[in-house]
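J.: Right, I'll just put the structure down here and ask away after.
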Amino acid sequence: ESVVEWSPDGKQITVMVGTEGTAQVGVVSVARGGVKLVTSGEHVLGVGNSSSDGKTLALTIGTTTQPAEIAVFDGKEVKQLTHFNREALKDIQIVKPTVHWATAKDGTKVHTWCMKPVNYKPGRKYPAVLEIHGGPHAQYGFAFFHEFQLLAAQGYVVVFSNPRGSKGYGEKFCEAIRRNWGVKDWEDIQAVKSWMESQSFVNKKKMGVMGGSYGGFMTNWVIGHTRDFVGAITDRCVFNWVSMAGNSDFPLNRDDYFGGCAWGPLKNLEDMWRQSPASSFDKVKTPTLVIHSEGDLRCNVEQGEQVFYVLKSIGVEARFVRYPANSSHGLSRNGPPDLRMHRLGEIVNWWKRWLSWIAD
C-alpha cells in the first residue's frame, strides 16, 4: 500500500519502501527529493501516522516467524511494543525460510526463499510446492505467511520467489514484463523450478505450483508450458485478457500497459491474446484446482470458469471451488473467516491427493 506521512514542519515525507523482500521506513526531503531509508533488517514494517511533534512514528513489524505486532520508530531504532501472538505461537512449530538466489538463463538473479517441512529429516526427499505471488508488482519476502506455514506443517517443502515484475529490485526489474507477461517472468520461474529440482531434499517427481491473481495467471502459464508439476492450484486468476478487459474493475484503457485495449481503434487483440494463458491451454495435462469468488471484481469469476471449462473439455482432472458473492478478490486475506478456512482445507486436500504428504 502507498503510505505518505508529512512531517509537522512540512519539510519531509515519510514513506514505506519495499526493497529485496523487506519493507522499510524511508524519508523524502521536499527540497532535495530522493528516498533515504532510515531502517534496515529482515522484516516488514507497516507505516502508520506520526506523533504531533513528528518524533515518533507508529508501525507494525512482522518477520518470517512472527505475525505483525505494534511498534514505534523514534528516528533511530524500531521498538516493538506488543507480543499479541506470543502465546499462540508457543504450541506451534514455525519454520524459518532460508534465502537463496536462482539464476535465469540471461544471468538475472531471482530472490528465492525455501521452507523445509516441519519435522524435516536430512536424507529424505519431500514433495514441494512453488508459490507465486500476485500483483505482479508486489513482492514476497521477510513476512509471516500463514498459508506457507500450514503447507510446511503438512510436510511439504515450500518455495517462493520474486521473479521479474516484482517490486523491490529497481524500476528496470519491475518494468521487465510490461507488454510482455509470460516472457521474462516465466524465464525466472523456470530458474526457480530448476533450483527446486536440484535440491537433494526435493522429490522432483512430486512438485506442485500455485498462486493467486497474477500468481494464478502464472500458474496457468506454467502448466501450459511445462508438465514438470504434477498438480496445480489457480486462485482468483487471470486466464484470458481479451474477455477480462471488458469486466474487470482495473480498466485496460489508454494506459498502454498491455499495448492497447480490447475495443475500438486502440484494440490490440493479438498482443493481449499472446499474453493470455488461454492461448496455450490446449497443451495442459496437469490436474488443477480452480478457486474463484463470485464477488471478485478484479478478476471476474468468468476467468475461473474458462479455466475449468477448458480443462474439462480436454479431459484434464479439475475441481472448481466457487465462493459466493460475499467474498472478493481478497478472500484469502480478508474474506469471511469460515470461507478462508474452507479454502485452506481445499488446498490441503488437493495436495494430499496429488503430492501425498508422506515423504519418500
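The values are calculated or read from the model by the stated rules, or taken from the named source; none is laboratory data. Please read these numbers as outputs of a predicted model, since none were measured by experiment. Using ideal geometry, Cβ is built from the backbone for each residue, glycine included, and neighbour counts are taken over all protein chains shown. Ligands, DNA and RNA are stripped out before the accessible areas are found, and what is left, the full protein with its side chains, is counted by its heavy atoms. Shrake-Rupley method; radii C 1.70, N 1.55, O 1.52, S 1.80 Å.
J.: If the cut-off is a Cα-Cα distance under 18 Å, which lysines reach Lys312, setting aside same-chain residues fewer than 8 apart in sequence?
T.: Filter leaves Lys283, Lys285.
J.: Please list 3J(HN,Hα) in residue order for the range 195-207, calculated via the Karplus relation 6.51 cos²θ - 1.76 cosθ + 1.60 where θ = phi - 60°; whole Hz, with x for glycine and proline.
T.: Along the range 195-207, the couplings run 4, 4, 5, 7, 7, 5, 8, 9, 7, 5, 8, 10, 10 Hz.
J.: At a threshold of 8 angstrom on Cα-Cα distance, excluding pairs fewer than six apart, so keeping six or more, what relative contact order does the chain reach in percent? Intermediate results must be reported in sequence, preceding the final value.
T.: Working: 794 pairs, mean separation 42.7, N = 360.
Once divided by the residue count of the chain, the mean separation gives 12 percent.
J.: Check cross-link reach from Lys352 to the aspartates and glutamates: straight Cα distance under 17 Å, and skip same-chain residues fewer than eight apart.
T.: List returned: Glu131, Glu147, Glu317, Asp360.
J.: Also, I was wondering about something else. So, with +1 on the Cβ of K and R and -1 on the Cβ of D and E, and no other charges, what is the size of the charge dipole of the chain about its Cα centre, to the nearest 20 debye? If you can, show how the numbers build up before the last one.
T.: Numbers: 41 positive and 36 negative charges, 205 e Å.
Computed charge dipole of the chain: roughly 980 debye.
J.: Give me the distance between the Cα centres of the range 312-349 and the range 1-30, rounded to whole Å.
T.: 36
J.: Measure off 7 Å from each Cα along the Cα-to-Cβ vector at Arg86 and Lys285, then give the distance between these two points in nanometres to one decimal.
T.: Reported label-point gap for Arg86 and Lys285 is 5.5 nm.
J.: Compute the length gained on full extension between Trp273 and Arg32: take 0.36 nm times their separation in residues and subtract their Cα-Cα distance, giving the result in nm to one decimal.
T.: Working: separation 241, 0.36 × 241 = 86.76 nm, distance 4.40 nm.
Value of the extension gain: 82.4 nm.
J.: Per residue, how large is the accessible surface of the range 21-93? Use a 1.4 angstrom probe and give square angstrom.
T.: On the way: 4350 Å² over 73 residues.
Result: 60 Å² per residue.
J.: Beyond a 20 Å Cα-Cα separation, which of these cross-linked pairs lie in this structure: Lys96/Lys172; Lys121/Lys193; Lys76/Lys96; Lys36/Lys76; Lys96/Lys204? Intermediate results must be reported in sequence, preceding the final value.
T.: Details: Lys96/Lys172 30 Å; Lys121/Lys193 22 Å; Lys76/Lys96 27 Å; Lys36/Lys76 13 Å; Lys96/Lys204 22 Å.
Correct reply: Lys96/Lys172; Lys121/Lys193; Lys76/Lys96; Lys96/Lys204.
J.: Suppose we keep just the alpha-carbon trace of the chain; what are its Rg and Dmax in angstrom?
T.: Using the Cα atoms of the chain, the pair Rg, Dmax is 21.1, 65 Å.
J.: Suppose the chain between Lys105 and Glu171 were pulled fully straight at 0.36 nm per residue; how much longer would it get relative to their current alpha carbon spacing? Spell out each step's value before the answer.
T.: Numbers: separation 66, 0.36 × 66 = 23.76 nm, distance 2.05 nm.
Length gained, Lys105 through Glu171: 21.7 nm.
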